[in-house]
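To keep things clear, I will list the structure first and then write my remarks on it.
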């Protein structure tokens, strides 16, 4: 190999190194749901019929097999300004259920929230934005039954334009909402929005 | 003819008699039902009210959330009357009712405590005149509003593995470059 070609090889390696360092320095953010997963894109090809609602029973565990989520569920109230409270941030694998609302599987809208991350890194719902229509959300309840929901849509809302009624209003079948942070991140003001997974009950295990 | 007239009169009398008996009996029955119902729900209050029974209690709003103030008014206490309200069913204690600007109505208020479960709660008022009034308050919970604060950005940051790999490649290229330059320099000297 001539010195000249060795020189070119070293220059190319330097370029690759620069690119790696530059690209790697850019911030990695949690997965963002694609527009195809929103309600606006229409229902999923594979839509399961709604199952009959279950009698109320408190949730104890939440699983999303598709993204390997398997977390205990704690109870949530409201903050002083009426927002949904969140689970303690120190526990990275913990979901929370709004305890004055509907229990998962019962008729109405069960509300679950969890952290996308904490100060140490990704948390329970880091991958929520990677879910797709038709994926399953399973909630193990105190009565021993597991309520199985199918994902109807994954939407992203800016904090300032959060649609309370669409997310929190009681449905007339058994539905679920799983909420976490997302929609872009700014060092100054944190996450710019919420990712919300909408689902309805399709069966019981 | 006489027999027919007699028969008719007899029938008429019988009907009248049955009617006369039946009507008070029916009323008496109604009375006993309602007073029965009241004595079940109010217990010994009925003794004080002298059989006056309960009057209606107006709650505004009739459906309230924790933290909300409910205004109670009733005609039961009479003009310039006073009363004591009982909201212990939902843990709001007792409250006073005083004549309002409409003199025939007494008014009082209580606040729905923060940690009351949703559901129906009986509110009663005992008036100075011995009458009582009852009504039901429906407690509902405001759902959450607004977005949730579920992240601080701890997962957001540079891809350290990629940066490390890039730095390693750069270092290797630098070492290679120095080695090549040295060789070139020594080769030139050799000539």
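The values are calculated or read from the model by the stated rules, or taken from the named source; none is laboratory data. Since the model is a prediction, treat every value here as computed from it, not as a measurement. All Cβ positions, even for glycine, are placed from backbone atoms using ideal geometry, and neighbour counts span all protein chains on display.
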Among the residues of segment A:1-10, which ones are more than 8 Å from chain B (Cβ to nearest Cβ) and in a helix (DSSP H, G or I)? A:4, A:5, A:8
Identify all residues within segment A:104-131 that are more than 10 Å from chain B (Cβ to nearest Cβ) and modelled with pLDDT under 95; write none if there are none. A:106, A:107, A:108
When (1) surrounded by 17 or more Cβ atoms within 10 Å (Cβ to Cβ); (2) at pLDDT 90 or above are applied to residue A:101, the one that fails is (2)
Yes or no: residue A:165 more than 14 Å from chain B (Cβ to nearest Cβ), modelled with pLDDT under 95 and more than 22 Å from residue A:65 (Cβ to Cβ)? no
Failed criterion for residue A:75 (all others in (1) crowded, with 18+ Cβ neighbours inside 10 Å; (2) more than 8 Å from chain B (Cβ to nearest Cβ) hold): (1)
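Look through A:73, A:58, A:69 and report the one residue that is over 19 Å from the mean Cα position of the chain (by Cα) and touching a residue at least 40 places away in the same chain (Cβ under 8 Å). Walk me through how you get there before you give the answer.
Values: A:73 fails: over 19 Å from the mean Cα position of the chain (by Cα); A:69 fails: over 19 Å from the mean Cα position of the chain (by Cα).
Only one candidate qualifies: A:58.
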Residue that is farthest from residue A:129 (Cα to Cα) [pool: residues in segment A:21-43 that are in contact (Cβ under 8 Å) with a residue 40 or more places away in the chain and at the interface with chain B (Cβ under 8 Å from one of its Cβ atoms)]: A:27
